[in-house]
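The values are calculated or read from the model by the stated rules, or taken from the named source; none is laboratory data. Treat the numbers as computed from the prediction; the structure is a model and nothing was measured. Every residue, glycine among them, receives a Cβ derived from its backbone with ideal geometry; neighbour counts consider all protein chains shown.
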Amino acid sequence: MKHIFCSVALLALLCACGEKPQLLGERTGKQDAPSYSGTGKAFVDGGWTQGDKAGWESHLKARDQYGQNDYSRMN
Amino acid sequence: MARMKFVCDSERCIECNGCVTACKNEHEVPWGVNRRRVVTLNDGVPGEKSISVACMHCSDAPCMAVCPVNCFYKTDEGVVLHDKDVCIGCGYCSYACPFGAPQFPSQGTFGVRGKMDKCTFCAGGPEVNGSQAEFEKYGRNRLAEGKLPICAEMCSTKALIAGDGDVVADIFRNRVVKRGKGAEVWGWGSAYGSKQAGQPGVVAPEESKS
């Protein structure tokens, strides 16, 4: 019984002496979800399934072409 | 996918401030904070040039380097974002940024210098995508809706282009080649290749045929 009590006390002391990691350059706090995971709402670009990474990339590229490149739209 | 980038075509920008208004409206940016603004060189002089400026989402962002609390992070697409719950509003990022992108609201919990606010490339922040908390802190998350930044999509002359860096570079390169001028500027060769029409010493395809 005494041995168990001592080992628990030593373990508690060791835990108290432990340090939290303080790595330089490591960001703590909330982690952002990737954009292709979507918002879970209906108001998204038509035809794209939320969570589909390849589809998200191709939708953005297509949107760039038909929305921003007037040479490809006009000619 | 390459990194997300903005390019503003100074030959097309007409200083309408549509991008500024669209940004403020989309994200309900508070009074006194402009995530995007139009800068005009030689204002009033014939030949004046304007460009729309916001956070350029630098590849090696100085704001990230100087932040004492590491509130910045970069997404897989190269968009530089920050966590307002970590930001202490010290203002170091605004001194480091060459574009004056970080903005500080004058009203709020922190008094005269609130937590930093800047262009998010319409990608929100670390809150849950599309949530009310994300909207209130960072504005709409259009990227998570499969859309591009509102400033570029609303630009009437398509001077401001945003999106995948490769696509944006292709669109801009094509414009310059079609226009027949612009490729002679400093840095064009390193950005788009040195053997292109308009570059000094390069013969245009039409001239070489005759």
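Numbers at a glance
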quantity: Per-region count, region B:156-178, residues assigned to a loop (DSSP other than H, G, I, E, B) and in contact with a Ser or Thr (Cβ under 8 Å, 6 or more places away or on another chain); calculated: 1
quantity: Lone unmet requirement of (1) under 16 Å from the mean Cα position of the chain (by Cα); (2) crowded, with 21+ Cβ neighbours inside 10 Å for B:G165; calculated: (2)
quantity: Any hit, region B:52-65, residues being touching a Leu at 6+ places or on another chain (Cβ under 6 Å) and either at pLDDT 95 or above or among the hydroxyl-bearing types (S, T, Y) (or both); calculated: yes
quantity: Subset of region A:34-72 [modelled with pLDDT of 90 or more, among the acidic types (D, E) and in a helix (DSSP H, G or I)]; calculated: A:E57, A:D64
quantity: Region B:59-109, residues that are within 14 Å of chain A (Cβ to nearest Cβ), part of a loop (DSSP other than H, G, I, E, B) and not charged (D, E, K, R); calculated: B:A61, B:C67, B:P68, B:V69, B:N70, B:C71, B:T75, B:G78, B:V79, B:V86, B:C87, B:I88
quantity: Which listed residue is of a type in the set (S, T, N, Q), surrounded by fewer than 16 Cβ atoms within 10 Å (Cβ to Cβ) and at pLDDT below 80, from A:Q22, A:Q31; calculated: A:Q22
quantity: Members of region B:134-155 that are more than 8 Å from chain A (Cβ to nearest Cβ) and in a helix (DSSP H, G or I); calculated: B:E134, B:F135, B:E136, B:K137, B:Y138, B:I150, B:C151, B:M154
quantity: Residue match in region B:45-64 (condition: under 30 Å from A:G55 (Cβ atoms), within 17 Å of the chain's Cα centre (by Cα) and β-branched (V, I, T)); calculated: no
